[in-house]
Amino acid sequence: MKRILSLVLLMSFILPGSVILRTAGETITQDSGESSSSLTVDYNAGVTYTVTIPASVTFSDTEKEVERALQVSNVVLNAGSVLNVNLTSLNQFKMMCGEGYIEYGLKINHNEAPEGNNYTVLTVPAGENTGWAILNFSTDLQKEHALYAGNYTDTLTFTVVIN
Amino acid sequence: MNRTWRRGNKMNTKYKRAVLVCLLIVLLLLLLYSIQYAGSRAVLGPFHGYGSGVELVVDPHAENTLPQETADSLEEGVVIVGRESLTISAGTKEADVDFYNPRENKQQYYLTFELRLCNDSGAGYETLYTSGLVEPGRHIYHITLSRELEKGEYEAVVHVQPYRMNAERTMTNNVDMRIRLFVNETEKERVVF
């Protein structure tokens, strides 16, 4: 009788303790000497990324400087690979309307872009999940070559290359 | 008299034992229930909000990596998902792909996809496939190429052209995704774009 009573008492002390262990997220190992089996969990992560590009850049008489962001996120690359985003302009950084044009300039992360029409604007190495670049576009809206009235446009192409 | 007392005492002991065994079973059941209950719920500290009585507020110290104006321009950006390769089957014009316009583009930007095969010189390209407008949240899983390809590995580009869905269907800036196009004898593999 006393044994049973002491067993009940013992259980009432031990059991709440085991619940606390469980709730604290501790691993409870059972030292029963049983053999354990292993489970291999595999996941083949393919190379993938998400790029967010500025849809457009619009200048006006009051807004001659425009800042836009380029972002690459959810980047998963093979070890040692690098993701580059290059920027080219359809009209060599001229907004066109027929044969008339208005030039505009580019700064990449606040640094003046050199002469040319193909810039690496963002580099994300393997192991980094995200990257971004700030692109500043500006024009003085000099209209000496703006031969026609109308909408002057240019199209930018962002080329994503994984090396 | 003594015999009756002994019998009574024996009955009493049996009764106590039964009660204690019942108590033990109840305790065991309680334990099992507690373990299951605790295992299915996260243990929350006093500041985890839900049910703690602490009001959750926006932390004023949380910073944006980008300047606010630039971050806002991202909101208006076009989201495009890419991969580095595409595998299709040789000797057939039919190909399984996954050209996807992410939901993030909401109803703002519809995308067209063009699969271009680069020339050996790298200067020009041949268009193998052009899609129609794909609305946000939709996929193109099956395409028909303009011609069959022989087994091999090719340089290719997936050209993604977004459009604003205004009356003029205005084109926005666009993306070229350089990929490796694997053409296999065997069954193709579906790759997401």
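Read the figures in this text as sums done on the coordinates, not as results from a lab. Being a predicted model, the structure only gives us computed values, none of them experimental. Cβ: placed from backbone, ideal geometry, glycine included. Neighbour counts: every protein chain shown.
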Two-site label geometry, B:L23 and A:E65: point separation in nm, points 7 Å out along Cα→Cβ: 8.3
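Cut-off is 10 Å between beta-carbons; in what order do A:S81, A:S36 appear when sorted fewest neighbours first?
A:S36, A:S81
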- prompt: So which GluC sites (Glu not before Pro) in the stretch B:142-188 pass both tests, a DSSP loop state and at most 11 other Cβ atoms within 10 Å of the Cβ?
  reply: B:E150, B:E168, B:E185, B:E187
- line: For the A:A79, B:A71 Cβ pair and Förster radius 25 Å, calculated FRET efficiency rounded to 0.05 is 0.20
message: Suppose a student asked you for the relative contact order of the stretch B:79-184, using Cα pairs under 8 Å spaced at least 6 residues apart; what percent would you report?
response: 35
- line: Neighbour-count ranking for B:V157, B:V19 (other C-beta within 10 angstrom, fewest to most) reads B:V19, B:V157
task: Within 10 Å of each residue's Cβ, count the other Cβ atoms and sort A:Y104, B:Y125 from fewest upward.
output: B:Y125, A:Y104
message: From the phi angles alone, apply the Karplus equation (6.51, -1.76, 1.60; θ = phi - 60°) to the stretch A:52-61 and give each ³J(HN,Hα) in whole Hz, x where the residue is Gly or Pro.
response: 10, 10, x, 5, 7, 10, 10, 9, 8, 4
message: Among the listed pairs A:K107/A:K143; A:K64/B:K106; A:K64/A:K107, which have their C-alpha atoms separated by more than 24 angstrom in this model?
response: A:K64/B:K106
statement: Inter-part gap, Cα centre of the stretch A:123-163 to Cα centre of the stretch B:73-122, in whole angstrom, is 20
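Is there a simple number for the mean count of other chain Cβ atoms within 10 Å of the Cβ of residues in A:149-162, and what is it?
4
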message: Could you give me D for the stretch A:48-162, from Stokes-Einstein at 10 °C and 1.306 mPa s, where the hydrodynamic radius is the Kirkwood radius over C-alpha pairs? Units µm² s⁻¹, please.
response: 104
query: Over the stretch A:94-163, what is the mean sequence separation of C-alpha contacts under 8 Å (at least six apart), divided by residue count, expressed as relative contact order in percent?
result: 45
- prompt: What does the average come to when, for each residue of peptide A:62-69, you count the partner chain Cβ atoms lying within 10 Å of its Cβ?
  reply: 3
- prompt: Relative contact order (percent) for the stretch A:48-162, with alpha-carbon contacts under 8 angstrom and 6 or more residues of separation?
  reply: 38
